1. Over the chain, what is the relative contact order in whole percent, taking alpha-carbon pairs under 8 Å and six or more residues apart?
2. Taking the Cα-to-Cβ direction at residue 4 and at residue 49 and moving 7 Å from each Cα, how far apart do the two end points lie in nm?
3. Work out the charge dipole of the chain with +1 on the Cβ of Lys and Arg and -1 on the Cβ of Asp and Glu about the Cα centre, then indicate which of 99, 58, 184 is farthest towards its positive end.
4. Just need log10 I(q)/I(0) for the stretch 91-196 at q = 0.17, 0.21, 0.22 Å⁻¹, Debye formula, equal scatterers on the alpha-carbon atoms, no solvent, rounded to two decimals.
5. Going by Cα centres, the stretch 190-219 and the stretch 105-148 are how many Å apart?
6. How large is the helix-only mean residue ellipticity at 222 nm for the chain, computed as the sum of -39500 (n - 2.57) over DSSP H runs with n ≥ 4, divided by its residue count, in deg cm²/dmol to the nearest 500?
7. Would you work out what percent of the accessible area of the stretch 1-101, with all protein chains in place, is carbon or sulfur (probe 1.4 Å)?
8. Over all directions, average the projected area of the Cα convex hull of the chain and note it in nm².
Amino acid sequence: MTPILTAFERSPDRGRGLARDMRVRWALEEVGVAYAVRLLSFEAMKQPAHRALHPFGQIPTYQDGDLVLFESGAIVLHLAEHHPGLLPVDAAARARAIAWLFAALNTVEPPIVERGMALLFERDQPWYAERMPMLEQRVDTRLAQLSARLGDADWLDGAFSAGDLMMVSVLLRLGRPGPLDAYPNLSAYVARGEARPAYRRAFAEQLAVFTASQAPNGM
Ligand code: GTB
């Protein structure tokens, strides 16, 4: 049975691959699992039919037969655990790769999302100018730490893993030019992720959805 992923019908990122279906698409491409995509409007995401799949009315969801999952991290981990290619076989290395996946989601992504939300939605607030340097500093602290750990390695812990997939996905949300520019090894790390054939296929697929949504008849 072909698994089904949900994604934005019209992504607010305008095809830049920043919505969270992109990391699942990338994982599916890395492990070579064919998938279908069900596109949702913002309105449809809030309807009971979708809330039955996703309690918070968001994308992405993942359905494979009777299994329904939400949370991009849980979906990527599920795929990595059930298909070779995204987690090492050695138990300790596997646990470390999973730790990096959690680090991406729980330690690195939150300050990046806070900064992104402020840039998008808080510019008009009287406290914006005071708050922004603090948010930039929180992001920079994490980038400096991550940069120090990565050093001149290609990936965070040996071979490319689900941890790298998630970390690169999270760092991409910073945009370019942006805070990554101060860290050449992190910029190169992100570029290595983007250069992977699986990433490129996933990116092209989500871009095609956006391009189609811009066509005059919406097709
Ligand atoms: N923790 C969940 C996960 O990892 O799956 C978070 C899911 C989530 O935030 N989904 C967002 C969503 O459905 C889309 S990805 N939002 C609609 C809603 O909550 O009503 C977040 C996102 C949106 C837009 C951009 N962008 O325009 O650049 C980037 C990321």
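The values are calculated or read from the model by the stated rules, or taken from the named source; none is laboratory data. What you are looking at is a predicted structure, and each value in this text was computed from that prediction instead of being measured. Methodologically, a virtual Cβ is constructed for each residue, glycine included, from the backbone with ideal geometry; neighbour enumeration extends over all protein chains shown. Please note that ligands, DNA and RNA were not included when accessible areas were found on the heavy atoms of the full protein model with its side chains. Shrake-Rupley method; radii C 1.70, N 1.55, O 1.52, S 1.80 Å.
1. About 27 percent, as a whole number.
2. Reported label-point gap for residue 4 and residue 49 is 0.9 nm.
3. Checked the options; the winner is 58.
4. The computed values of log10 I(q)/I(0) come out as -0.77, -1.08, -1.17.
5. 27
6. About -17000 deg cm²/dmol.
7. After summing per-atom areas, the C and S share lands at 57 percent.
8. 13.4
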